[in-house]
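Have a look at the structure below, then the notes.
The values are calculated or read from the model by the stated rules, or taken from the named source; none is laboratory data. Predicted model only: the values in this text are computed from it and were never measured. We place every Cβ from the backbone using ideal geometry, glycine too, and count neighbours over all the protein chains shown.
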């Protein structure tokens, strides 16, 4: 009888440990889904390149990205973290490149026109600098975009006050 009590206590202790470990594992996994996504910035999306200079801010950035763009995916977390909170207080707006399923965007030829060259804009990711309703700078490519964000954070980007 004494042996049965010890076995029962061991089994109960093992069950408690298993439930605790599983609970901890589930909480850890649920925390992994807390990353930012473009949908978190739905109010900051601009439709059409013609509208990039129409924002009320005097200076801001416009991030041109593709949801299926490999290089965009590699810097997504950094760009979204910068957009959420940066030391410069710089506002970031977003434009998603045309997708095959969005016929309204595909039918809007101004959507993918480079505002400087007026040629089709094919490079994503691109960060566009707007100051006083003028396009001042285009930074194309993941490394260049991240370098730009670092310059802005350091206060060494010459286009902003």
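Residues that are in the same structural domain as residue 128 (by TED's automatic domain parsing), modelled with pLDDT of 90 or more, closer than 22 Å to residue 135 by Cβ and part of a helix (DSSP H, G or I): does region 83-91 have at least one? Yes: one or more hits. Determine whether region 123-130 contains at least one residue that is in the same structural domain as residue 45 (by TED's automatic domain parsing) and modelled with pLDDT under 90. Within region 123-130, one or more residues are in the same structural domain as residue 45 (by TED's automatic domain parsing) and modelled with pLDDT under 90.
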